[in-house]
1. Within the set of pairs 6+ apart or on separate chains, which have a first residue in the range 150-161 that is free of Cβ contacts under 8 Å to residues at least 24 places away in the same chain, a second that is acidic (Asp, Glu), and C-beta atoms under 7 Å apart?
2. Surrounded by fewer than 18 Cβ atoms within 10 Å (Cβ to Cβ), touching a residue at least 12 places away in the same chain (Cβ under 8 Å), out of contact with any helix residue (DSSP H, G or I) (no Cβ under 7 Å at 6 or more places or on another chain) and over 25 Å from residue 70 (Cβ atoms): does that describe residue 125?
3. With the requirement that a residue be surrounded by 15 or more Cβ atoms within 10 Å (Cβ to Cβ) and more than 16 Å from residue 118 (Cα to Cα), what does the range 155-169 give you?
4. Condition first: over 23 Å from residue 133 (Cβ atoms) and either among the hydroxyl-bearing types (Ser, Thr, Tyr) or at pLDDT 95 or above (or both). Can you find one or more residues in the range 37-47 that meet it?
5. Does the range 94-111 contain any residue that is surrounded by fewer than 18 Cβ atoms within 10 Å (Cβ to Cβ), free of Cβ contacts under 8 Å to residues at least 24 places away in the same chain and more than 28 Å from residue 177 (Cβ to Cβ)?
6. Could you tell me which of the residues 169, 135 is out of contact with any Ser or Thr (no Cβ under 6 Å at 6 or more places or on another chain) and closer than 15 Å to residue 101 by Cβ?
Amino acid sequence: MRVAYIIISGLVVCSMIAVAVSMIDFSGLWGDSDDEVIVDPNADIVAEQQTAVANDPVNVDEIVLLANMLSNTGRMSEATEQYERALELQPHDHGIRLDFARSLQTNGLLADAEAQFLLVLEAEPDNLPAHYYLAKLYMGWEPPRRDEARDHFTRAIEINPDSFLAEQAQLELEMMDRSSPVATPESITPVAGP
């Protein structure tokens with residue numbers, strides 16, 4: 001009787017394992033699934049904002065919100081259209097242009113971001129965020145544009161030394177001072193030949 005109980009228990013366990021294994025879709029493990037669809041978790045929110053803009057096409061706040069959403073979801077070409085639309089409606093709103101510059105920067109469009117930051121600074125030479133983020137942009141350049149970054153970090157500190165961004169700029173300058181110097185053609189000593 002004991003042996004029969006062990007055999008029946010074993011068969012029940014094996015059948016449970018077989019059912020569980022049969023329910024697992026192993027095709028995804030090896031990339032064999034042709035019908036795999038990637039769903040954007042923000043699609044509904046972006047669609048709602050697109051509807052809000054369509055319903056009120058001159059509401060700059062709604063347009064900028066849509067532009068920021070599109071940028072944050074990697075849809076930079078669509079975001080650019082919305083930023084440009086907002087700037088057409090309010091060409092002197094440097095906050096919009098600063099958002100645009102930061103979105104371009106985040107999405108790796110460094111030259112375009114630089115142009116937008118410089119337009120902000122041309123209109124508002126004491127725009128602390130523009131100086132700080134332009135300096136960060138220059139540090140992200142390959143190779144880093146250290147001298148220009150240093151100038152803008154320094155200017156950010158001068159504008160408002162007690163601000164959070166000025167404190168961050170100071171930390172950036174300290175890290176720059178501690179980092180190893182960049183080789184220049186003048187600093188490289190030629191190696192004597194054989």
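The values are calculated or read from the model by the stated rules, or taken from the named source; none is laboratory data. As the structure is a computational prediction, the values presented were derived from the model and not from experiment. Neighbour counts are summed over all protein chains in view; Cβ atoms, including those assigned to glycine, are modelled from backbone coordinates with ideal geometry.
1. Close Cβ pairs satisfying both conditions: 153/172.
2. Judged against the criteria, residue 125 is not a match.
3. Within the range 155-169, 157, 159, 163, 165, 166, 168, 169 qualify.
4. There is no residue in the range 37-47 that is over 23 Å from residue 133 (Cβ atoms) and either among the hydroxyl-bearing types (Ser, Thr, Tyr) or at pLDDT 95 or above (or both).
5. Initially, the range 94-111 is screened for residues surrounded by fewer than 18 Cβ atoms within 10 Å (Cβ to Cβ), giving 95, 106, 108-111.
Checking the rest, the ones that are also free of Cβ contacts under 8 Å to residues at least 24 places away in the same chain come to 95, 108, 111.
Narrowing the set further to residues that are more than 28 Å from residue 177 (Cβ to Cβ) leaves 95.
Looking through the range 94-111, at least one residue is surrounded by fewer than 18 Cβ atoms within 10 Å (Cβ to Cβ), free of Cβ contacts under 8 Å to residues at least 24 places away in the same chain and more than 28 Å from residue 177 (Cβ to Cβ).
6. Matching residue, one of 169, 135: 135.
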